[in-house]
Amino acid sequence: MTTVLFAARDAQWVEYEPHLRAGFAAEGVDVQLTTEVADPATVDYIIYSPANALQDFRPYTNAKAVLSLWAGVEEIVGNTTLTQPLCRMVDPGLTEGMVEWVVGHAMRHHLGMDTHIHGQDGAWRGLVAPPLARNRKVAVLGLGALGAACAEALAALRFQVAGWSRREKQIDGVTCFSGDDGLKKALSGAEICILLTPSTPATENLLNAQTLSLLAEEAYVINPGRGPLIDDDALLSALDSGQLAHATLDVFRVEPLPVDHPFWAHPKVIVTPHIASVTRAETAALSVVENIVGHLRGEPLRNLVDRDAGY
Ligand code: NAP
């Protein structure tokens, strides 16, 4: 019998348990799915989120994989007790949610919706037509499961999309770049910049004074990636100098964002509370089940984290 330990928050267990049980049953695979085991050495797979008590993976000597419920693994990738293969979450629901959030905020800036949403003061202002999307440059930094889907969706709306990743990529409708020189090319003249790389030592302060200066005047920054991707002081300076028009920020170096943080009161910043996209139990449970069942049937594990790269 395969033993699968669910090591996440109690509330997640309530959400995930029925979908996991249904998923394994649909595959015809009999597993012992549990939140507790008497002997850690009996555990075959661990479904994991960092918000729980399990921090020491050493007793799980026979665990074949740890499957994260989160796409971002920066809180766990440095855990030296975790020597088992680590898989990050790739979930169609998570991807769809991120595409909707990114496209929504990109369109809001593209169309200048805030002018009217905040300008209900009785003044009938003349129309200043935005450019068509085909005349607007967008940069998407990070072309993984989430970034590639967002880049494709924006390209389908006919934005001029430049994407950037660590390794070279080809995505229809997206001009893809990689490497330091590629970053400059992707950012140069971009009017909307979307951050969807993971948080790693290599991506810390990806947007800093120098890279921000490559964007078009009055550009918009949208960050659903992770807080450390941005040098906060450089961002505030660029907003204050008028170099940037606006920043929509979903993620922060400290979460929840402290009440006295300058982002909250800044007139050119919108803070959203890390809600760009959530892992949805209904679809994520199936992604985990497919990965475990595939592995039991001899397939390689999917979505493996590269420990050296940090994501
Ligand atoms: P992913 O599939 O691992 O993709 C990461 C992308 O970033 C890849 O294209 C990767 O390049 C690129 N990248 C990584 N390091 C780089 C570097 N040093 N230079 C250039 N490119 C680099 O991750 P994902 O599933 O798309 O998720 C991306 C991030 O979104 C997560 O790590 C998490 O932080 C964030 N997230 C946020 C929310 C939210 O609600 N706000 C929800 C889920 C996820 P390669 O393609 O060459 O590997």
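Descriptive notes on the structure:
- Count of residues meeting criterion [more than 8 Å from the ligand (Cβ to nearest atom), of a type outside the set (G, A, S) and assigned to a helix (DSSP H, G or I)] in the range 81-94: 1
- Positions within the range 81-94 being open to solvent by less than 50 Å² (accessible area, probe 1.4 Å) and touching a helix residue (DSSP H, G or I) at 6+ places or on another chain (Cβ under 9 Å), in sequence order: C87, M89, V90, D91, G93, L94
- Test: residue in the range 155-164 that is within 12 Å of the ligand (Cβ to nearest atom), free of Cβ contacts under 8 Å to residues at least 40 places away in the same chain and closer than 28 Å to L215 by Cβ: yes
- Taken over the range 1-15, residues that are under 11 Å from V289 (Cα atoms) and out of contact with any strand residue (DSSP E or B) (no Cβ under 6 Å at 6 or more places or on another chain) amount to 0.
- Filter result for H105 (away from the ligand (no atom under 16 Å from the Cβ), in a helix (DSSP H, G or I), in contact (Cβ under 8 Å) with a residue 24 or more places away in the chain and buried (at least 19 other Cβ atoms within 10 Å of the Cβ)): no
Each row is one residue, and each column tells you yes or no for (1) open to solvent by 10 Å² or more (accessible area, probe 1.4 Å); (2) in contact with a Pro (Cβ under 8 Å, 6 or more places away or on another chain); (3) over 26 Å from Q84 (Cβ atoms); (4) more than 11 Å from the ligand (Cβ to nearest atom).
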position: A216; (1), (2), (3), (4): yes, no, yes, yes
position: P258; (1), (2), (3), (4): yes, no, yes, yes
position: H261; (1), (2), (3), (4): yes, no, yes, yes
position: H266; (1), (2), (3), (4): yes, no, yes, yes
position: T283; (1), (2), (3), (4): yes, yes, no, yes
position: V288; (1), (2), (3), (4): no, no, no, yes
position: R307; (1), (2), (3), (4): yes, no, no, yes
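- Residues considered: R302, R226, R297. Of these, the only one that is modelled with pLDDT of 95 or more, within 11 Å of the ligand (Cβ to nearest atom) and open to solvent by 10 Å² or more (accessible area, probe 1.4 Å) is R226.
- Checked against the criterion of being within 16 Å of the ligand (Cβ to nearest atom) and at pLDDT 95 or above, the candidates A247, A238 yield just one match: A247.
- Count of the range 16-56 residues, restricted to those that are closer than 20 Å to H295 by Cβ and either open to solvent by 50 Å² or more (accessible area, probe 1.4 Å) or of a type in the set (S, T, Y) (or both), is 15.
- Hits in the range 228-277 - residues which are farther than 24 Å from I117 by Cβ and out of contact with any helix residue (DSSP H, G or I) (no Cβ under 8 Å at 6 or more places or on another chain): I230, D233, S241, P256, P258, V259, D260
- Residues satisfying the criterion are present in the range 39-53 (criterion: at pLDDT below 95 and more than 23 Å from the chain's Cα centre (by Cα)).
- Test: residue in the range 187-195 that is modelled with pLDDT of 95 or more, of a type outside the set (G, A, S) and on the phi > 0 side of the Ramachandran plot: no
- Tabulated pairs, the range 111-129, first among the aliphatic types (A, V, I, L, M), second open to solvent by less than 80 Å² (accessible area, probe 1.4 Å), C-beta under 8 angstrom, 6+ apart or interchain: L111/P130; M113/M107; V128/G112
- Evaluation of E152 against the conditions (1) away from the ligand (no atom under 11 Å from the Cβ); (2) buried (at least 23 other Cβ atoms within 10 Å of the Cβ); (3) within 19 Å of the chain's Cα centre (by Cα) shows that the sole unmet condition is (2).
- Residue selected from the range 60-80 under the condition more than 15 Å from the ligand (Cβ to nearest atom) and open to solvent by 60 Å² or more (accessible area, probe 1.4 Å), by the criterion nearest to Q12 (Cα to Cα): K64
The values are calculated or read from the model by the stated rules, or taken from the named source; none is laboratory data. The model shown is predicted, which means the values in this text are computed figures rather than measured ones. Don't worry about glycine lacking a Cβ; one is built from the backbone with ideal geometry, like all the others, and counts go over all protein chains shown. Areas reflect the complete protein model, heavy atoms only, side chains present, ligands, DNA and RNA absent. Shrake-Rupley method; radii C 1.70, N 1.55, O 1.52, S 1.80 Å.
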